[in-house]
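Read-outs: derived from the displayed coordinates by stated rules, not from any lab. Only a predicted model underlies this, so the values are computations on that prediction, with no experimental measurement involved. Cβ placement follows ideal geometry from the backbone for every residue including glycine, while neighbour counts extend to all protein chains displayed.
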Amino acid sequence: MDRGRAVLAAVALAAALALPSAAGPFWTGLVTQMYIFGLLALSVDLLLGHAGLFSLTHASFFAVSAYTVAILQVRYAVPTALAAPAGILAGTLLALLFGLAVRTRGVYFILITIAFGYVVWGVAHRWSSFTGGDNGVTNVPFPALGAAAITSHTQYYYLVLAAVIVCGLGYRVFMRSPFGLGLRGIKASESRMQSLGFRTSAHLYAAFVLSGALASFAGVLYVYYNKFVNPVAASFPVSVEAALMAIVGGTGTIIGPFLGAAVVLGLRNWVSSFFELHAAVMGAVFIATVLWAPQGLVGIAGRLRARFGKAKERTP
Amino acid sequence: MLTSAVLQAINGISLAALLFLLASGFTLSFGLMRVVNMAHGAYYLLGGYIGLTIAEKTGSFALALVGGGAAIIVVGYLIDRFLIRRTGENHLAQVLLTVGVAFVIGDVALAIWGGDNLMVPAPKFLKGAVILPGDVYYPRYRFVLIFLGVAVGVALWLLYKKTQLGAVVRAGVDDREQVNATGINVDRLFVMVSGLASFLAGMAGVAGGAFLTLYPGAEWEILVYALVVVIVGGLGSLEGAMIGALIVGLLDAYGRWLLPEFSYFVLFGPIALLMLFRPRGLFGREY
Amino acid sequence: MNPLFRNVSLSGAAALLAALGMGAAAHAQTGPIKIGVLAPVTGPLATPGKDMVEGMKLYWEQVNYTAGGRKVELVIADTTCNPDQALTQARRLVHQEKVHFMIGPLCGHEGPAVAQVSKETGVPLVMDAAGADTITKWSRTPSVVRTAVSASQIGHPWGEYMYKELGLRNVTFIGQDYTWGHEVTLGAVRSFTALGGKVAKMIWNPIGTKDYGPTIAAIPEDTDGVSAVVVGADRVRLFEAWFNFGMDKKKKIYGGYWLHQDVLPQMDDRAIGLIGNSLNYAAGLQTPENIAFTTAFAKAYKRLPSWFGESAYTAGLWTKTAIDSINGKVEDREAFLKAMRAVSVKAPRGPLKLDAYDNPIQNVYVSRIQKIKHPVLGEVLTNVPVKTYEGVSQFWTWDPKEFLARGPYKR
C-alpha cells in the first residue's frame, strides 16, 4: 500500500470512529445501514466483479439468515452465540441449493436467480404461521455474548464497523489467493481456464456458496440493527439495489460496494424528503452509471487521479 | 367439480393469452438482438395508461389498443436507440439499465395517472357474461382476450415462418454474422422487430388493463410472470413463448384453485426445477 | 458577613435561579410543538397516503395550527409503505427533527417497525391506520397508543351481522392473504361460527392477485352468501369479476372490507345497493360532526374522505384535545400519554375513548353503497350506514384476558 492510500485509510478510519459523537444518532443509524448493505453489495460483487455472474437472488440468503436469527432469538430465546451462527448456516445451506444455478451462464443465470428469489419471497410472505407473514418477526434484541451485551445503537455501530473491517480484510486476502485469481481467470475466459484443466463449474459453485455465506452474515447484522424482519428483506428490489450499489461504487473492488451503498441509501433518504419522484431519480442513477460510469465511483476517482497526476507532472 | 375444472382451464388460457402478448415481444427481441429488456413490464403499464386516456377521450376501445401500442413503439424506439444500443451485448448492463428505465417510467406514470387502480373501459358488447351450457356464466371479455392472443400468435407465426422478413429474422436468430454478410440492412430489421415487440407490450397493457386494472407496481407483477413464461419456453423461441404462456397460465389457475396456500411454489418451484434439469427451457438454445 | 445580607443574597440567588429555570421552561413551551407524520406519500399506497396527509392538514388548518397555547408544526415523512424506510424515517423524525411525538403509519406492516423506534427512544407514537391486532394486544409498548382501529375489531361485528341481520348460515369467506386480511376475516369467522354459522369455504388470495376468475369458480354451489375482505387493487378486480361471471344473478356477496369510499370513484352504478363494509367509519354518516367534516373535506379536496382521511383528522383532534388538557407541556411524555388515554373525543366517526389496552372503543358501521346528492360534489357514490354497532371493544363481547390467552388470529 502506498503512502497516500495509507493516509487516506487512516483518515477514513478516524472519521468512522468519530462519527457517532460528531453526527448524532440519526446519522449513526444511517451509516450503520450503509455498512450492512455495503456488505450485502460486496457479497453480490464477489460473483459479479470477480466471476462475472450476475445474481438477483442475494436478498434470499440475507433474509433467510435474518429470519433464522429473529425466530430463534424471539420465539425460542436462543442466545446470540448460537442464533447468529445458525443464521449464517441457514443462509449458506440455501446457497448450496441455489448454487446449482451455476449450471447456466449469462442471461439464463440472471433469470433463474430472479425465479429463485421469488420463491423465497413467496414463502416469507405466505407461510405466515411460521414467518409472521407481512408483519414479520419483531422485537429482536441487541446481540449479547454472555455478559458482554450491546445496549445502544452507538455500540452496535462500532460492532458493525469492526465486522465490516474484518470482512473487508478477509475478502482482500481471499481475492489474492489462487482461488480468487482462478475466478478472475474464469471471468476473463472460461474456455481458456477449462483448457488449462480448471473445473470451472465447481470453482463458480464454491464462489457462489461463499458469496451466499457473506450475504447471510450481512443478514445477521441487519436483523440486529433493524430489530425486525419481514418479507420486504427477501424481495426482488433488495437484490436489485444490492447489485446497483456494487456497480455505482465500482465492481471488482472492496471499497466500491460500500461507496455505492452510501450513495444509494443517502440518495433515497435525502431526495425523498423534498422530491416526490425519488424512484425516478434512483432510476436515473442506474441509467447514468451504466452509460457513463460503468466502473463506478472508484473508476471516476481513478480517472480523476490519472488526470490530476499528469497535470502535476507537467508543472515542473 | 367438472364445471370448476373447465372454468379454471378457461381462466388459465385467458391469462396465458395476455402473457403471450407480452412474452412474445420479449423473447423475439432477445432472440434477434440479444437484448434483455426489463422495462418490458413498464412498457405494458405505460401503454395501458395511454390507451386508457385514449379510450376516455374518444370512447373507442379499438383505437385505445392501437394507440397504446403505437405510443410504445415511439417510447421503445427512443429508449432502444439512445440507451440500450449503447450497452452493446452486455446483458448485465442491459438488465441494470432497463430496470432503471422501468423505475423512471413507473414513477412518471404515477405522477401523471396517480396511484389509483384504473380500469380501461371496454365497450359494452365485450363486457358481461357468456352463458355456457349447464347455466355456467363466463365473462365475454376473456374470450375476446383468448381470441386476441390466438390471432396475434397466428399472425406472428405466419410472419415468422412464411414471409421473407421472417426468414431473415430466423436466420438472424441462428447466425447473425451470416445475415450481416448477405447485405441486408440489419439495423432496419432490428428497429422493426423491436418496434413490434414494443407494440405488443403496449397493446397488452391496454388489453390487460381492461381486465387486471392498471396501478403502480403492475409493471413488476406482470414482468415476473412474463419472465417465467420466457424461461420455461426458452429464450428467443416463439413456440416456447406460446407453450410457456399456456403452462404458466394453467399452473396459476389450477394451483390457486387446488393448493391456494402454495400458489407461489406451484408456479415457481417446478420452474426452478426445470431450470436445473433443462436450463435452456423447453425450446431454448445455446447463446 | 452580615447574616441579613447573606439571607438576601441567598434568596436573591434563589429567585434568580427560579427565574432562569422558569425562563428555560417558558422557552421550551413557547417553541412550536413538532409532530412527525409518517405516511406513504409515494409508492403503492400513495392514494390512501394522500387522504391521510390531507385529513391531517385539514384538521390543523381548522384550528390554526395551535394546541395548548403553542404553535404546531407538522413534519411529514414518506414511508413509501416499506418497513425499512418507515424505520429510518421514524428515526430521522426523532433524532434529526426532534419531534415531540409521531402519528402514523398507514401500512399494517410498518406498524411494528415504527413502534420499535418509539420503544427504543420513548418518543410517543399515536398509531394511525396501521391495524395490526398485536400492537394493542400481545406486543404493547407503553409509549404507543392507537387512535384508529384494530383489524379484528371490525371483523367481529361483521360476523354477527351476517348471522343475525342477513340470516346467513353457510358462508364462503374470501380473504386477503396477509395480516390485516387474516385478522378481519378470522374475527368475523369467530363471531359467525360462535353463533352457529358454518364456513362453506375459505379462499385466501395474496395481495395483487391478478385474476379473480379462479376464486369465483371455486365458490361452492351450496353456499348462501359470500363475505369479501379485500384491499387495494384487488377490490376492483373482484368487483369486475363478480359481475362478468354473472355471479350477481346467482349469489349474494357482502363486503366486510371491500367497497370503501377511496375505491368508489372507480366503480359504477352496479355497486349501488351492495353492502360494502363493516368499518369504524362511513362517509355517509349523518351526524353534525361528520357533516361538518365531510363538507369541509369536499370543499378543500373535491372528494369525500375515506377512513384514512377521517382517521388522520381524528388523530389531529385527539392529540390536540390531549395537548390542550396538559396546557401544551408535550415535553412531559408521561403526561402527554396519560392525557391521550384520559380524554374522550367526539370525532366525525362518533364518540371515542381508549380502553385499558390503548385501543379505541368506537362504533362500527355496516354500510351500503348509495348514490347521494352531495351539496358540494353533486352526485356521488358513498357508504351509507345501515346498522350501527355502538361502543365496540377490540375484544368484542369476550373477556380481554380470555381473548389474549387465545392468541392472535392466524390462518
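With the simple spin-label model, which puts each label point 7 Å out from Cα in the Cβ direction, the C:Glu73 to B:Asp174 separation comes to 7.3 nm. Check the protein assembly as shown for me: any Cys whose beta-carbon has no other cysteine beta-carbon within less than 4.7 Å? A:Cys167 - these cysteines have no disulfide-compatible partner (Cβ-Cβ under 4.7 Å) in the protein assembly as shown.
Among DSSP bridges having both ends in the protein assembly as shown, what percentage is antiparallel? Round to the nearest 5.
On the way: 32 of 64 bridges.
So the antiparallel bridges amount to about 50 percent of the total.
Long hydrophobic helices in chain B: the complete DSSP H runs spanning 20 Å or more by Cα along their own axis with mean Kyte-Doolittle hydropathy of at least 0.0 are B:2-33, B:40-58, B:61-82, B:91-113, B:140-162, B:186-209, B:218-233, B:238-258, B:263-277. For the protein assembly as shown, with the dipole built from +1 on Lys and Arg beta-carbon atoms and -1 on Asp and Glu ones, taken about the Cα centre, which of A:Gly146, C:Thr193, A:Ala246 lies farthest toward the positive end? Positive-most Cα among the choices belongs to A:Ala246.
Taking the Cβ-Cβ separation of A:Ser21 and B:Leu259 as r and a Förster radius of 41 Å, what is the calculated FRET efficiency to the nearest 0.05? Mind showing how you got there, number by number?
On the way: r = 55 Å, r/R0 = 1.35.
For R0 = 41 Å, the calculated efficiency reads 0.15.
For chain B, what does the helix formula give at 222 nm: sum of -39500 (n - 2.57) over DSSP H segments with n ≥ 4, over the residue count, nearest 500 deg cm²/dmol?
Numbers: 11 runs with 212 residues, N = 287.
One gets -25500 deg cm²/dmol as the mean residue ellipticity at 222 nm.
Candidate membrane-span-like segments in chain C, meaning DSSP H helices with Cα atoms spread over at least 30 Å of their own axis and a Kyte-Doolittle mean of -0.5 or above, are C:3-30, with no membrane implied. Note that region A:129-140 has calculated 3J(HN,Hα) couplings of 5, 9, 9, x, x, 4, 6, x, 10, 10, 6, 6 Hz, one per residue in order, obtained from phi through the Karplus relation 6.51 cos²θ - 1.76 cosθ + 1.60 (θ = phi - 60°); glycine and proline are x. With springs only between Cα atoms under 10 Å, which of A:Thr154, A:Thr113, A:Thr92 fluctuates most in a Gaussian network model of chain A? Its mean-square fluctuation being the largest, the pick is A:Thr154.
When A:Arg184, A:Arg172 are sorted by how many other C-beta atoms sit within 10 angstrom of their C-beta, beginning with the fewest, the order is A:Arg172, A:Arg184.
What is the mean projected area of the alpha carbon convex hull for region A:175-262, to one decimal in square nanometres?
Working: hull surface 27.1 nm².
With the hull built on Cα positions only, its mean projection is 6.8 nm².
Fewest neighbouring Cβ atoms within 10 Å first, the residues B:Phe283, B:Phe277, A:Phe217 line up as B:Phe277, B:Phe283, A:Phe217.
Mean residue ellipticity, 222 nm, helices only, chain C: the sum of -39500 (n - 2.57) across DSSP H runs of n ≥ 4, divided by residue count and rounded to 500, is -12500 deg cm²/dmol. Separation of region C:102-132 from region B:117-195 is 49 Å, based on Cα centroids.
For chain B, with the dipole built from +1 on Lys and Arg beta-carbon atoms and -1 on Asp and Glu ones, taken about the Cα centre, which of B:Ile243, B:Val191, B:Val136 lies farthest toward the positive end? Result: B:Val191. For peptide C:317-330, the mean count of partner chain Cβ atoms within 10 Å of a residue's Cβ comes to 0. Extent along the principal axes, Cα only, for region B:12-216: 59, 41, 28 Å, with the longest axis given first.
Loop-located chymotrypsin sites (Phe, Trp or Tyr not before Pro) in region C:58-140 (DSSP state not H, G, I, E or B) with no more than 15 neighbouring Cβ atoms inside 10 Å: C:Trp138.
Counting alpha carbon pairs within less than 8 Å and at least 6 residues apart, what relative contact order, in whole percent, applies to region A:25-236? It would help to have the intermediate numbers written out before the result.
On the way: 306 pairs, mean separation 93.0, N = 212.
In percent, rounded to a whole number, it is 44.
Pairs C:Lys346/C:Lys401; A:Lys227/C:Lys201; C:Lys119/C:Lys329; C:Lys299/C:Lys320; C:Lys137/C:Lys320; C:Lys201/C:Lys373: which are spaced more than 31 Å apart, C-alpha to C-alpha? Walk me through the intermediate numbers first.
On the way: C:Lys346/C:Lys401 29 Å; A:Lys227/C:Lys201 37 Å; C:Lys119/C:Lys329 21 Å; C:Lys299/C:Lys320 23 Å; C:Lys137/C:Lys320 26 Å; C:Lys201/C:Lys373 39 Å.
Beyond 31 Å between Cα atoms: A:Lys227/C:Lys201; C:Lys201/C:Lys373.
Averaged over peptide A:211-224, the number of partner chain Cβ atoms lying within 10 Å of each residue's Cβ comes to 0. Pair-distance distribution of chain C: all C-alpha pairs, bin width 10 Å, starting at 0; shares per bin in whole percent are 5, 22, 31, 23, 10, 4, 2, 2, 1, 0, 0.
What's the ranking of B:133-144, B:236-247 by average number of surrounding C-beta atoms within 10 Å, highest first? The partial results should precede the final answer.
Working: B:133-144: 17.1, B:236-247: 24.3.
Output ranking for B:133-144, B:236-247: B:236-247, B:133-144.
Taking Cα centre as origin and charging only the Cβ of basic (Lys, Arg, +1) and acidic (Asp, Glu, -1) residues, the dipole magnitude of region B:142-210 rounds to 280 debye.
Using only Cα atoms, what is the ratio of the radius of gyration of region B:14-98 to 2.2 N^0.38 Å? It would help to have the intermediate numbers written out before the result.
Numbers: Rg = 14.1 Å, N = 85, 2.2 N^0.38 = 11.9 Å.
Scaled against compact globular proteins, the figure is 1.19.
Please tell me the relative contact order of region B:1-148 in percent, rounded to the nearest whole number, where contacts are Cα pairs under 8 Å and at least six residues apart.
On the way: 119 pairs, mean separation 43.1, N = 148.
Here the relative contact order equals 29 percent.
To the nearest µm²/s, what D does Stokes-Einstein give for region A:25-236 at 25 °C and 0.890 mPa s, using the Kirkwood radius over alpha carbon pairs as Rh? It comes out at roughly 139 µm²/s.
Per-residue ellipticity at 222 nm, computed for chain A from helices alone with -39500 (n - 2.57) per DSSP H run of at least four residues, works out to -26500 deg cm²/dmol. Treating each Cα of the protein assembly as shown as an identical point scatterer and ignoring solvent, apply the Debye formula and state log10 I(q)/I(0) at q = 0.10 Å⁻¹. The calculated log intensity ratios at q = 0.10 Å⁻¹ are -1.28. A:Ala218 sits among other residues whose Cβ lies under 14 Å from its own Cβ, and their net charge, with Lys and Arg +1 and Asp and Glu -1, is -3.
Would you please classify the overall shape of region C:33-111 from the alpha carbon gyration tensor, given that a ≥ b ≥ c denote the square roots of the eigenvalues, rounded means a/c under 1.5, and beyond that prolate means a/b larger than b/c while oblate covers the rest? Working shown, then result.
Values: a/c = 2.85, a/b = 1.39, b/c = 2.05.
Oblate shape, in that a/c is at least 1.5 and b/c is the bigger or equal ratio.
Around the amide H of C:Val75, modelled in the peptide plane, lie the amide H atoms of C:Ile35, C:Gly36, C:Val37, all under 5 Å away and 5 or more residues distant in sequence or on another chain.
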